[in-house]
Amino acid sequence: MDELKELPFKYLKIRWHNGDNQPFYGFKKDIDWIWPIKFATYATLIHAIFLILGATPFFLNEKFSIIISSLQILPGFYIASLAALGALQKTNFLDCSSDTAGDKDKDIPPGGPIAKIAGNWRNMSRRRFLANALTHISLLCFLAIFFIFLIQYLYSSNILLVTSVFYYIGILIVGWIIIFLISQMLTITLMILYYLGDRAYRK
C-alpha cells in the first residue's frame, strides 16, 4: 500500500547517471525544482504589482478559463501516452533483453536516468523512466485543476472572510503554488521531449 502511495512521486527520486553508476542531480534538479521555483517567484512578483495597481487576481479572471480548459485536456493526453507506452511491444530502444530472472533495465550511456531498484542504484530503461515521468505529470495536472477550482469556489462563495492584507497575501501564495505546478509540468514535458530526441539521435 505504501508503495502505491509513493508511485506518482517516484519520478522525484530519480537521479542522473554520472558515468560510474553513482546518483547525482545534475540538470534534473534545475528542471524539477530550480526553474519552476524561479518562474513562479518572478510571475508572483509581477502578479503582486498588478494587484497593487488594482487588477483582478489572475485565477479569478475570466480569461484564466483558457488555461483551465487546457489543463483539463492535458491529463487525458498524458494518460493516453502512458497507455500507449504500456501497449508498445518490447524494443531495443525502450527496453532491454530479458533472462530467467525477469526483465532488467537496459544500460544507458552516461547522462541517463538512474533510480533505486530493489535497493540498488541502477540504470533505468527508457520505458520505466517515461512511465514515471508521465505519471508524475498527470498527477501535477490533477493537482493544479483541483487547486484552481477549490480556490475559485472559496473566494467566490465568500467563505474566506479575512482582511484585505491577508486576502492578497493568500492570493499571492495560492498563485505561486498554481504557477509552480504548471511550470514543473511544462519543464518536465520539455525535458522528456529533449531526452527522447537525444536518445533517438544517438541510437
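Taken together, the values in this text are just the output of simple stated rules run on the coordinates, not laboratory data. Everything numeric here is computed off the predicted structure, so don't read it as measured data. Quick reminder, even Gly has a Cβ in these numbers, built from the backbone with ideal geometry, and neighbours come from all protein chains shown.
Taking θ as phi - 60° and the Karplus parameters 6.51, -1.76 and 1.60, the scalar couplings of segment 58-71 work out to 4, 7, 9, 6, 5, 5, 5, 4, 5, 5, 4, 4, 5, 5 Hz in sequence order, x denoting glycine and proline.
Using the Cβ-Cβ distance between residue 88 and residue 143 with R0 = 22 Å, the FRET efficiency computed as 1/(1 + (r/R0)^6) comes to roughly 0.20. The HN-Hα couplings worked out from phi for segment 49-57 by the Karplus form 6.51 cos²θ - 1.76 cosθ + 1.60 (θ = phi - 60°) are 4, 5, 5, 4, 7, x, 6, 7, x Hz, whole numbers, x standing for Gly and Pro.
At q = 0.16, 0.21, 0.22, 0.26 Å⁻¹, what is the log10 ratio I(q)/I(0) for segment 22-65, with the Debye formula run over Cα points and no solvent? Computed log10 I(q)/I(0) values: -0.57, -0.74, -0.78, -0.89.
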